[in-house]
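As structure tokens, the structure follows; a few thoughts come after it.
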Amino acid sequence: MNFKPALAVLCAVASFSAFAQNPIVIKFSHVVATDTPKGQAAERFKELAEKATKGRVKVELYPNSQLYKDKEELEALQLGAVQMLAPSLAKFGPLGVKEFEVFDLPYIFPNKTALYNVTEGPIGKGLLKKLEGKGITGLAYWDNGFKVMSANKPLHMPADFKGLKMRIQSSKVLDAQMRALGANPQVLAFSEVYQALQTGVVDGTENPPSNMYTQKMHEVQKHVTVSNHGYLGYAVIVNKKFWDGLPADVRTALEGAMREATTFEKAIAQRDNDLALEAIKKAGKTEIYTPSAKEQAEWRKALLPVQKDMQGRIGKDLIEAINKEAAK
């Protein structure tokens, strides 16, 4: 009697059973709260991914720097300790892909339409492609929004920043931005900002309103200026070796889930920022100020030279290409 066919069937059944019991785990780590646009989109991706793969994939979410802080998470992804992140675009500069710092340039995106022309077009796709040499696959751009400035003194004009210690992400562009305003930039992990503001280690910071509100920064900042001077966005990325090793049908299902989650994320980002700004106002601890057209012109005058100063670092052609898209 030939037992080989029967043995092959038994092995296949055993293999399938083991696979069914052991789904592919995607550890998705990020540094913000669950109720931010990024946090909500991560939750939506988990739901969509697990449904689309019929349970073959399990997405484990780790918000609020539960696993890794800003500086640690990219290394963890490259080492395979986590499979998915959604870091802010400024994080790729220290990794060696300096072109991403173009997103930090003040006043380079006049509105969301100009921004999406870049992120969803050839420029955005080309930037994600540059991550592959670092063992990273870029899946999507997620939105947060335009940033406000905060401090314990009014910030109406560039001169008001003189001597202030302002927290920034690790970005040469953001460093140059704060210095152009006369401030002293201080690089700090996002998870450490509230305490640093509370204890006076730093005097102020910049953030989209949703980040400021969910981290309760408004409780330790007396003044907010709705400057909309810069943009904060994210790239959803995965470990390239892990991604390439997935079964093709699983990868296709996950790509579909990511597209849906991205559409959802962009729809809620502006809404959440508007609601957060209103909630900060209602809390009554922070005075919110919107600069006049004349004051905005002074801010632009002070900050626009940063674009020229950063040409050698980011690339003159890239900056010009984005300015061209923004002018359409």
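Some points to look at:
- Computed 3J(HN,Hα) for region 67-72, one whole-Hz value per residue from the Karplus formula 6.51 cos²θ - 1.76 cosθ + 1.60 where θ = phi - 60°, is 9, 9, 8, 3, 6, 8, glycine and proline marked x.
- GNM flexibility winner over the chain from Ile168, Ile24, Ile108 (Cα, springs under 10 Å): Ile24
- Stokes-Einstein diffusion coefficient of region 15-326, Kirkwood radius over Cα pairs, 37 °C, 0.692 mPa s, in µm²/s: 164 µm²/s
- At R0 = 41 Å, FRET efficiency that the Cβ-Cβ distance of Lys153 and Lys54 yields, to 0.05: 0.15
- Modelled spin-label separation between Lys324 and Val25, with each label point placed 7 Å from Cα along the Cα-to-Cβ direction: 4.8 nm.
- Net dipole in debye of the chain [+1 Lys, Arg Cβ; -1 Asp, Glu Cβ; about Cα centre; nearest 20]: 280 debye
- Of all DSSP beta bridges confined to region 15-326, the antiparallel ones make up roughly 55%.
- Under the Karplus curve 6.51 cos²θ - 1.76 cosθ + 1.60, θ = phi - 60°, whole-Hz ³J(HN,Hα) for region 75-84, x wherever Gly or Pro sits: 5, 4, 5, 4, 7, x, 5, 10, 9, 9
- Residue exposure proxy: Ile288, Ile26, ordered by other Cβ atoms within 10 angstrom of their Cβ from fewest to most, comes out as Ile288, Ile26.
- Projected label points at Lys162 and Ile288, each 7 Å from Cα along the beta carbon direction, are separated by 3.0 nanometres.
- Packing, as the average of other Cβ atoms within 10 Å across residues, places the peptides 120-127, 250-257, 220-227 in the order 220-227, 250-257, 120-127, highest first.
- Averaging the Cα positions of each part gives two centres, and for region 244-271 and region 174-222 these lie 31 Å apart.
- Angle in degrees between helix 248-283 and the longest Cα principal axis of the chain, rounded to the nearest 10: 30 degrees
- Taking amide H as placed 1.01 Å from N in the peptide plane, Ser65 has its amide H under 5 Å from the amide H of His30, Val31, Val32, each at least 5 places away in sequence or on another chain.
- Ranked Ser292, Ser171, criterion: other C-beta atoms within 10 Å, fewest first: Ser292, Ser171
Throughout, read-outs are computed from the coordinates displayed, never taken from laboratory work. What you see is a predicted model; the values in this text were computed from it and never measured. For neighbour counting, all protein chains shown are included, and Cβ atoms are generated from backbone atoms with ideal geometry for every residue, glycine included.
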